[in-house]
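One structure below.
The values are calculated or read from the model by the stated rules, or taken from the named source; none is laboratory data. Here the structure is a predicted model, which is why all the values come from computation and not from measurement. With ideal geometry, Cβ positions are generated from the backbone for all residues, glycine too; neighbour counts draw on all protein chains shown.
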Amino acid sequence: MFAKRIACIGAGYIGGPTMAVIAMKCPEYKVNVVDVNEARIKAWQTDDLPIYEPGLLETVKAARGRNLFFSTDIKSAIRESEIIFVSVNTPTKTFGEGAGKAADLQYWEKVAREILQESTASKIVVEKSTLPVKTAQTMENILNANNRGIHFEVVSNPEFLAEGTAINDLLEPDRILIGAQETPEGQKACQEIVDIYEHWVPRERILTTNVWSSELSKLVSNAFLAQRISSINSISALCERTDAGIDEVSRVVGADSRIGHRFLNASVGFGGSCFRKDILNLVYICESYGLHEVAKYWDAVLDMNDYQEKRFVRAMVRAMFNTIVGKRIALFGFAFKANTGDTRETPALYVSRMLLEEQAKIVITDPKALENAKIDLADVLDKVEMTEDPYQAAAGAHCVAIITEWDCYRTLDWEKIYQSMEKPAFIFDGRNILDHRRLFEIGFNLYPIGRPAMKHF
Ligand code: NAD
Ligand code: UGA
């Protein structure tokens, strides 16, 4: 018999890993993860999990079949659980009012209505998805519009894990955030969620706030992180013109303990499913409250990211004698960051499409993301080659562009790669992960981010 039953609706990048850790750390709770996507649920039941994340399989295996279950039976999971986490996707709206900016809450609302329909007793509903501030209010209005005497308490518990380090982030979070209403029922619900996390997270790292601060803090945290990347990327453009080095500037700036070192790596641009979507959402919310200057300020973080991606491709074309028509270009990495197969909003997609517009021949290599790359580029697959082998990708290419900071690219036999390429051979290091001096000595023409190019002509 279990002390408590928890359901999680949405078995994606968040629902799966988060619930696996909760189940592993709380063996006395039954954790039921449900989803409408049958293929995804089937994969969670095997050792071939639907997402790649270091340490995830071991974590799932520690609890699966004991107190962790994956199923498509959403109705039963709702009925039998006292606590329901909702971690469905909340993408940017593509239609109607707010298209291109507002969050599309159709999946969330559908789940709320399903919870309402299936429930025969009061429950706590936990917002795990990232949602616009004030969503909990709408959810409570929908959920509590029943005449069955059932009460739903909506609690906000946003997730801060990053892909590629999800399990570690879940096991040792900087903070857990729980937002609840300041009523006795709200505070009781809050304590129930605190109880879950207290199994492994020290109490002082569990922050409790009101619901609205919690919802908003999630959007603001992502906006601040993205802002740091756009800030350093903006300075990388200046470095390339002034003989300053972005790594040195970043080291100096980050050494100020008030600023700190993390998230100051200049890059081809940030990707991932959330930074863009959450900032667009923040901008939309500001605009809807008439705060146009605030909206403009945060929008600029996205403008800078677009500029950085565009700048990267423009530099490639300019360096390769202003034309790349018919030239073979090897993209090293397609995932939006290392250690994940996720390609949502990856800069690689934008770069690929721009290169194809310039009529280059592109060949993509990535250790984990080629399946997703095939889906993302389905409309142009006849023009794109893909291989898991970076040596094969580079053979006969005019240039290699590093798009994802996979560790394996640092230790390749670059001498061998140089021999196999067209000359002059170029490297565009969109992540500054390679040993540029050594590669220059091998014979490559080097174009780092935020540092002057090293050319043989
Ligand atoms: P995802 O697309 O990987 O997973 C969402 C899942 O919800 C899908 O499997 C989908 O089939 C399922 N779903 C949708 N509607 C459903 C319904 N009515 N009933 C049952 N299942 C349904 O998305 P994700 O990356 O896990 O993100 C989920 C939320 O978490 C988003 O709001 C996102 O902003 C937030 N978030 C994501 C990350 C991340 O790193 N990916 C980090 C923090 C927060
Ligand atoms: C990000 C946040 O870090 C998480 O806290 C948050 O929970 C999550 O978004 C979310 O809400 O979805 P994630 O997108 O998985 O996590 O990965 P990050 O490590 O933040 O990287 C995002 C992008 O920024 C990647 O493309 C990465 O390569 C890029 N980046 C990161 C840089 O270009 N420079 C840096 O210094 C750091």
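Contact annotation: residue pairs with Cβ atoms under 9 Å, 6 or more positions apart or on different chains, pairing a residue in segment 388-407 that is farther than 25 Å from Asn265 by Cβ with a partner that is within 16 Å of ligand 2 (Cβ to nearest atom), are Glu388/Asp366; Glu388/Pro367. Keeping to segment 325-379, report how many residues are without any contact (Cβ under 8 Å) to a residue 60 or more places away in the chain and among the charged types (D, E, K, R). Residues meeting the conditions: 9. Just so you know, in segment 1-10 the residues that are over 11 Å from Ile83 (Cβ atoms) and touching a residue at least 60 places away in the same chain (Cβ under 8 Å) include one that is nearest to ligand 1 (Cβ to nearest atom), and it is Gly10. Restricting attention to segment 213-264 and to residues that are at positive phi and within 24 Å of the chain's Cα centre (by Cα), the residue that is farthest from ligand 2 (Cβ to nearest atom) turns out to be Gly260.
Select from segment 137-180 the residues that are part of a loop (DSSP other than H, G, I, E, B), modelled with pLDDT under 95 and of a type in the set (S, T, N, Q) and list them in ascending order. Asn144, Asn146, Asn147 - these are the residues of segment 137-180 that are part of a loop (DSSP other than H, G, I, E, B), modelled with pLDDT under 95 and of a type in the set (S, T, N, Q). Looking across segment 229-239, the residues that are buried (at least 20 other Cβ atoms within 10 Å of the Cβ) and away from ligand 1 (no atom under 16 Å from the Cβ) come down to Ser230, Ile232, Asn233, Ser236, Cys239. Selection of segment 326-361 for residues being within 25 Å of the chain's Cα centre (by Cα), crowded, with 24+ Cβ neighbours inside 10 Å and of a type in the set (A, V, I, L, M) yields Ala330, Leu331, Ala335, Ala348, Val351. Between Ile178, Ile167, Ile206, the distinction of being closer than 25 Å to Met24 by Cα and surrounded by 23 or more Cβ atoms within 10 Å (Cβ to Cβ) belongs to Ile178 only.
Listed here are the helices (runs of 4 or more DSSP H) enclosed by segment 354-457 that have at least 3 residues being away from ligand 1 (no atom under 16 Å from the Cβ) and of a type outside the set (Lys, Arg): 390-394, 414-420, 436-442.
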